Amino acid sequence: MPELPEVETVRRTLNSLVTGKQIERVTVSLPRIIQRPDDPQQFALELQGHTIETVERRGKFLRIVMDGLVMVSHLRMEGRYGVYEQNEPVEKHTHVIFHFTDGTELRYKDVRQFGTMHLFKTGEDLESKPLMQLGQEPLDPEFTTEQFIRVIGKRKTMIKPVLLNQAYVVGIGNIYVDEALFRAGIHPERIAGDLSEEQLIRLHEAIVSTLTDAVAAGGSSIKSYVNGQGEMGMFQHSLRIYGRKAQPCYECGTLIEKTVVGGRGTHFCPVCQPLPIRQKH
């Protein structure tokens, strides 16, 4: 957490809150969050005077686009952005503050301290790490069934780890992989290369519909996620498989099982998502 729907929700919220604001100065109290440049003071100095033009997303990364600069930000486990008046008390675990000329502030809070920020000149960020290694955008019009099958259909590993691999398709984390596989009727341990074209088409449709529904609901507040205005997402109330171990499947009534696939806790229905006999242990 957060995954693509949560990051997209944060992007939309921030876009409405900070677009057009000019940075007067930046305060960094936890240097290790700043990954590029190496010197946090240089990071702060380079941002002075720049105006935020828009907030975009690439996978699970935010792209804060300015006049001549792009800041790439990853929230990791519990990173949060919020906009405040400068006279409001600064909460504990606030590590970076962008002070705007209009008296407001964009504050980055991160209890776990795993978040990262990279600063690039315009155009350099998409050709550099960490963004250059990312795969297809599942909510992009160019994410076609044909492209998905070409990238996924020949992999000789289990489908769930393939979908979690950001080099193939970006932004689908553990929650939404489980949900999409359930919608498509595919067991998470199925070998990707063994899936039929029909199954891959269903899976492509399930990924797009799951993420679209989640974005519309503002994401899922499973643990501590809130958007840039402190509001919780609501998609957790629509989850059909994730987090429902030993509860009846909504489709067939069979008790949902939980296992570990690729090191991640995984929920599935043994009836709706059958595993071929040849793959059973």
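Read the figures in this text as sums done on the coordinates, not as results from a lab. Here the structure is a predicted model, which is why all the values come from computation and not from measurement. When we count neighbours, we look across all protein chains shown, and the Cβ atoms used for this are built from the backbone with ideal geometry, even at glycine.
Compute the FRET efficiency between Leu255 and Ile149 as 1/(1 + (r/R0)^6), taking r as their Cβ-Cβ distance and R0 = 35 Å, and round to the nearest 0.05. Mind dumping the intermediate values first?
Numbers: r = 33 Å, r/R0 = 0.94.
After rounding, the FRET efficiency stands at 0.60.
Assuming charge only on the beta carbon of Lys and Arg (+1) and of Asp and Glu (-1), the dipole of the chain about its Cα centre is about 1180 debye to the nearest 20. The charge dipole of the stretch 48-117, taken about its Cα centre with unit charges on the Cβ of Lys, Arg, Asp and Glu (plus for the first two, minus for the last two), comes to roughly 520 debye.
Calculated mean residue ellipticity, 222 nm, the chain: -7500 deg cm²/dmol, from DSSP H runs (n ≥ 4) at -39500 (n - 2.57) each, averaged per residue and rounded to 500.
Using the crude model of +1 on Lys and Arg Cβ and -1 on Asp and Glu Cβ, and no other charge, please compute the dipole size for the stretch 4-133 relative to its Cα centre, in debye to 20. Don't skip to the answer; put the middle values down first.
Values: 18 positive and 19 negative charges, 98 e Å.
With Lys and Arg at +1 and Asp and Glu at -1, about 460 debye.
Here's the picture: charge each Lys and Arg Cβ at +1 and each Asp and Glu Cβ at -1 in the chain, and of Val215, Leu164, Val90 the one pushed furthest to the positive end of that dipole is Leu164. Taking trypsin sites (Lys or Arg not before Pro) in DSSP loop states with no more than 15 other Cβ atoms inside 10 Å as exposed sites, the chain has its longest site-free stretch at 1-91. Between Leu75, Gln133, Ser196, the Cα set farthest toward the positive side of the dipole of the chain (charges on each charged residue's Cβ, about the Cα centre) is that of Ser196.
For a protection proxy built on the mean count of beta-carbon atoms within 10 angstrom, sort 158-166, 205-213 highest first, please. Display every interim value, and only then the final one.
Details: 158-166: 20.9, 205-213: 18.6.
Top of the packing list down: 158-166, 205-213.
Computed over the Cα atoms of the chain, pair by distinct pair, the Kirkwood hydrodynamic radius stands at 20.0 angstrom.
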